[in-house]
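The values are calculated or read from the model by the stated rules, or taken from the named source; none is laboratory data. Everything quoted here is computed from the prediction, not taken from an experiment. Note that we place each Cβ from the backbone using ideal geometry, even for glycine, and neighbour counts take in every protein chain shown. Only protein heavy atoms, including side chains, enter the accessible area calculation; ligands, DNA and RNA are left aside. Shrake-Rupley method; radii C 1.70, N 1.55, O 1.52, S 1.80 Å.
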Amino acid sequence: MVRPSKVHIQNAEGASGRRGGLAFLRDRRANIAIIVGLSLPVLLATFGLAFEIGQWYMNKWRMQNAADSAVIAAVNNSSNYVTEARAVTAQYGYIHGADNVTVAVTNTATCPTGSNDCYQVTIDKPTDLYLSPMVGFQGSTVVNGKKMQNLSSAAMARQAATPREYCILALAGSGVSNGIRTNGAPQATMPGCDIMSNTNATCNGHNLNVDIGDAAGTNSGCGAEQNSNMPVVADPYSGLAANIPANTCTAAQVTAGVTWSSNQTLSGNVAICGDLKLLANVTVSAPTNAVLIIYNGALNLNGFTLQATSGSGMTLVFAGDNGSYTHAPIGNGMLDFAAPTTGAWKGMAIYQAPNLTSGVDISEAGNTPAWKITGMAYLPNAAVTLKGIVNKASYGASCFGLVVDSLLFAGTSAILAHGECSLAGLDLPYNTVLSRAALVN
C-alpha cells in the first residue's frame with residue numbers, strides 16, 4: 001500500500017485556504033458591521049451632545065420662567081426689590097450663591113425706549129459637561145478649574161403707566177390738609193367713580209362707595225381701593241378762563257342785578273351784571289350752545305327751577321372780581337341742564353373763574369339748590385359740602401364731574417351713574433399712574 005505524500009496533503013490544504021481567503025475577501029456581508037463598529041463612538045457622542053443640548057434648553061426654559069416671575073415681583077415690591085426677586089428664583093430652585101448660581105437684580109436697566117428705569121433679573125448657572133467634550137466642545141466657562149457650560153436667562157420689566165380718570169378732584173390749592181373728607185359716616189354712594197385729593201383724604205366709617213380713592217398724601221379709608229402718595233394732579237381747566245370776555249359791567253348794573261320771570265332763548269356769550277334772580281320757573285332754549293356769564297353776582301334760584309330744553313347746551317360761568325360778591329348758585333330750587341357737547345366749553349356745566357377766591361364756597365351742593373346736571377362743575381377755590389344727590393340732566397347723558405379746592409361729604413350724598421361722559425363731551429381729569437408690572441421685550 002502506498003501512503004499519500006505529505007506534500008500533496010499540504011498543497012491541498014493550502015489551496016483550500018487560498019480559496020477560503022478569496023471567498024472571505026469577496027464576501028461583503030461583514031462590511032456594515034465593521035463600519036458601525038468604527039462609527040459607534042462618533043454616533044454615541046453625537047446623540048449624547050444632542051441630548052445634552054436638549055437638557056440645556058430645558059434648563060434655560062425653567063430659568064426664563066424664574067426670571068420672568070422674579071422681575072415682576074421685584075417691580076411690585078420696589079422698596080425691597082432685590083430680596084423679593086431672589087426669593088422668587090429660590091422657589092424655582094435657583095438660590096443665589098448656592099451651587100454656583102448667581103441672581104443679579106437691578107432697577108436701573110436700560111429700557112428699549114432708552115430710559116434707565118427698567119428692572120432686570122439675570123440668572124446664571126454653570127452646568128457640567130458630559131458627552132459634549134467627545135466632539136471637542138470645551139464649554140463657555142471654568143469654575144474651580146473645571147470646564148463647564150454657563151446657562152443664562154434674563155427678564156426685564158417696568159411699571160406700566162396708565163391714565164386714571166377722576167369724577168372728583170380736590171385741588172387743595174389752599175393747602176387744606178384733607179382735600180376730601182367725610183363728616184361722620186354719610187351714606188354716600190358713587191359706584192364707578194374714582195376720586196383724587198392733592199393732599200390727604202379721610203373717610204371715617206364709610207369708603208364713599210367709590211371704586212378707587214387716590215391721595216397725594218395719605219388716604220385713610222376712601223375708596224374700595226385706597227392709594228396714598230400718588231402724583232399731584234394739575235388743574236385741568238384753568239385755561240378755559242381765557243374764553244371769558246372782559247368784564248364791562250358798571251357798579252350800578254351790578255347793584256341792580258337781573259331778574260327772569262319768563263323763558264329765555266340764549267346763544268353765544270350772554271352777560272349778566274350782578275345777581276340773576278328767578279321769579280318763576282324758567283326754561284332756557286340754547287340749541288346752538290350758550291355761555292351764561294354772571295359777573296360779580298350769584299344765580300339765585302329763589303325756589304324755582306332753571307331748566308334747559310332738549311338739545312340745548314349751556315355753561316354757567318361765574319366771573320368778575322373778589323370782594324363782597326357771591327359767585328355761586330344759591331337758594332332753594334333746581335338746576336337742570338346739560339353742558340355743550342361741542343365747542344370751547346364742551347363738557348363744562350358750571351365754571352368759577354380761577355381768579356375768584358372769595359364768595360365761592362358752596363355749603364349744600366346738590367341740596368340747596370338741587371342739582372340735575374350733565375357735565376363738569378369746576379369750582380377750583382371753593383370749599384364744597386355735598387349734601388344731596390347729583391343726578392343727570394333731564395335732557396342729558398349720565399355724566400358728572402366735580403373739581404373743587406376741598407370737598408366734605410355730609411348726609412346722604414350721592415352722584416348717580418355717570419358712565420356716558422364721552423357722549424356729554426366731557427374729558428374728566430386724569431392722572432398717569434403706575435399700575436402693576438409688565439414685562440418689557
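Does segment 341-360 include one or more residues that are closer than 24 Å to residue 210 by Cα, at pLDDT below 95 and β-branched (Val, Ile, Thr)? No, segment 341-360 contains no residue that is closer than 24 Å to residue 210 by Cα, at pLDDT below 95 and β-branched (Val, Ile, Thr). Per this entry, residue 301 is not counted among residues that are open to solvent by less than 40 Å² (accessible area, probe 1.4 Å), over 25 Å from residue 426 (Cβ atoms) and in contact (Cβ under 8 Å) with a residue 40 or more places away in the chain. Consider segment 379-407 and keep the residues that are open to solvent by 30 Å² or more (accessible area, probe 1.4 Å) and of a type in the set (Ser, Thr, Tyr). The one that is farthest from residue 346 (Cα to Cα) is 394. The numbered conditions (1) surrounded by 20 or more Cβ atoms within 10 Å (Cβ to Cβ); (2) farther than 25 Å from residue 348 by Cα; (3) among the acidic types (Asp, Glu) are all true for residue 214 except (2). Among the residues of segment 291-335, those that are among the β-branched types (Val, Ile, Thr) and part of a loop (DSSP other than H, G, I, E, B) comprise 309, 326.
Taking segment 363-376 as the range and being part of a strand (DSSP E or B) and more than 16 Å from residue 404 (Cβ to Cβ) as the test, the residues that pass are 370, 372, 374. Is it the case that residue 425 is open to solvent by less than 20 Å² (accessible area, probe 1.4 Å) and at positive phi? When the stated conditions are applied, residue 425 passes them.
As a summary of the residue check, residue 351 satisfies the conditions (1) open to solvent by less than 30 Å² (accessible area, probe 1.4 Å); (2) in a loop (DSSP other than H, G, I, E, B); (3) out of contact with any Asp or Glu (no Cβ under 6 Å at 6 or more places or on another chain) except for the one numbered (2).
Among the candidates 178, 144, 204, which residue alone is under 22 Å from residue 229 (Cβ atoms) and without any contact (Cβ under 8 Å) to a residue 40 or more places away in the chain? Among 178, 144, 204, only 204 is under 22 Å from residue 229 (Cβ atoms) and without any contact (Cβ under 8 Å) to a residue 40 or more places away in the chain. Answer with yes or no whether residue 433 is among the hydrophobic types (A, V, I, L, M, F, W, C), closer than 30 Å to residue 70 by Cβ, open to solvent by less than 20 Å² (accessible area, probe 1.4 Å) and out of contact with any Cys (no Cβ under 9 Å at 6 or more places or on another chain). When the stated conditions are applied, residue 433 passes them. Close contacts from segment 88-109, counting a first residue that is in contact (Cβ under 8 Å) with a residue 24 or more places away in the chain and open to solvent by less than 70 Å² (accessible area, probe 1.4 Å) and a second that is basic (Lys, Arg) and not in a loop (DSSP other than H, G, I, E, B), with Cβ to Cβ under 7 Å and a gap of 6+ residues or different chains, come to 94/125; 101/125; 103/86; 105/86. Note on segment 51-153: enclosed strands (runs of 3 or more DSSP E) holding 2 or more residues that are within 30 Å of residue 435 (Cβ to Cβ) are 102-109, 118-128.
The criterion of being out of contact with any Leu (no Cβ under 6 Å at 6 or more places or on another chain) and open to solvent by less than 60 Å² (accessible area, probe 1.4 Å) holds for residue 240.
I'd like the residue in segment 130-167 that is buried (at least 18 other Cβ atoms within 10 Å of the Cβ) and more than 43 Å from the chain's Cα centre (by Cα) and, out of all such residues, is modelled with the highest pLDDT. Top of the filtered list is 148.
Of the candidates 102, 113, the single residue that is out of contact with any Gly (no Cβ under 7 Å at 6 or more places or on another chain) and closer than 30 Å to residue 161 by Cα is 113. What pairs come up if the first residue lies in segment 243-268 and is under 21 Å from residue 355 (Cβ atoms) and in contact (Cβ under 8 Å) with a residue 12 or more places away in the chain, the second is open to solvent by 60 Å² or more (accessible area, probe 1.4 Å) and of a type in the set (S, T, N, Q), and their beta carbons are under 6 Å apart, counting only those six or more places apart or on different chains? Once the first residue is under 21 Å from residue 355 (Cβ atoms) and in contact (Cβ under 8 Å) with a residue 12 or more places away in the chain and sits in segment 243-268, its partners that are open to solvent by 60 Å² or more (accessible area, probe 1.4 Å) and of a type in the set (S, T, N, Q) give 245/269. Against the test of being over 24 Å from residue 163 (Cα atoms) and part of a loop (DSSP other than H, G, I, E, B), the options 390, 384, 360 yield a single qualifying residue, 360. For segment 201-208, the criterion of being within 30 Å of residue 100 (Cβ to Cβ), open to solvent by 30 Å² or more (accessible area, probe 1.4 Å) and modelled with pLDDT under 95 is satisfied by no residue at all.
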